[in-house]
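Worksheet: one structure, shown below.
Only the coordinates and a few stated rules stand behind these numbers; no lab work does. Note that this is a predicted model, so its numbers are computed, not measured. Positions of Cβ are generated from backbone atoms using ideal geometry, with glycine treated the same way; all protein chains shown enter the neighbour counts.
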Amino acid sequence: MRKHILLLSGLLLVSLILASCSSNLNRVEDPAKGVGVAFLTALQDHNYEAAYNLATGDLQAELGGSDFLQVYFPRSPLILGWTAETRPVGEETNIDNAMGMFGEMSYGDVSRVDYVIVLVPGGGGFEVAGIEIIPTQTNP
């Protein structure tokens, strides 16, 4: 009886290890989404310099400095959260390997907006090439 329990315990342990390994092998990392999330997290944390540093040189020149992000994404209302999905947008942007991160942001004043972040290869990974905010709804 004791050998039977040990054998079942051993089989269960091996099954759990194999399941863990296979789920890690099937998980696909999305480096573009990682940069987009880091950009939004920096804005949420009011770390405008970090968000600015994730931008391409062209976008940085257009912004003129991280101060512009502070005006565009002020401390109030706070960004509470967002949804995020990525997909290739090379055809729409005419930029090879460009990715778009799409979703909805919610703010502390209960408003929500749709957003699009364009991410392009560069700097050893992806960089933010542009962001568009599309107002969608404000709750009374």
So what J values fall out for segment 119-132 if you push phi through Karplus, 6.51 cos²θ - 1.76 cosθ + 1.60 with θ = phi - 60°, rounded to Hz, Gly and Pro as x? 10, 10, x, x, x, x, x, 10, 9, 7, 9, x, 9, 10
Beta bridges by DSSP in segment 30-138, antiparallel share as percent, to the nearest 5: 95
Packing-wise, with mean Cβ within 10 Å as the measure, how do 97-104, 119-126 rank, highest first? 97-104, 119-126
What are the residues whose amide H is under 5 Å from the amide H of residue 78, where those residues sit 5 or more places off or on another chain and H is modelled from the backbone? 108, 109
Calculate one ³J(HN,Hα) per residue across segment 63-73 by plugging θ = phi - 60° into the Karplus curve 6.51 cos²θ - 1.76 cosθ + 1.60, and present them in order as whole Hz with x for glycine and proline. 6, x, x, 5, 4, 4, 4, 5, 6, 6, 10
In sequence order, calculated HN-Hα J values of segment 54-61 (Karplus, 6.51, -1.76, 1.60; Hz; x Gly/Pro): 7, 7, 5, x, 5, 5, 4, 5
Segment 30-138, relative contact order in percent, only Cα pairs under 8 angstrom and at least six apart counted: 26
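Which value, to two decimals, describes the C-alpha radius of gyration of segment 30-138 once divided by 2.2 N^0.38 Å? It would help to have the intermediate numbers written out before the result.
On the way: Rg = 13.2 Å, N = 109, 2.2 N^0.38 = 13.1 Å.
That works out to 1.01 for segment 30-138.
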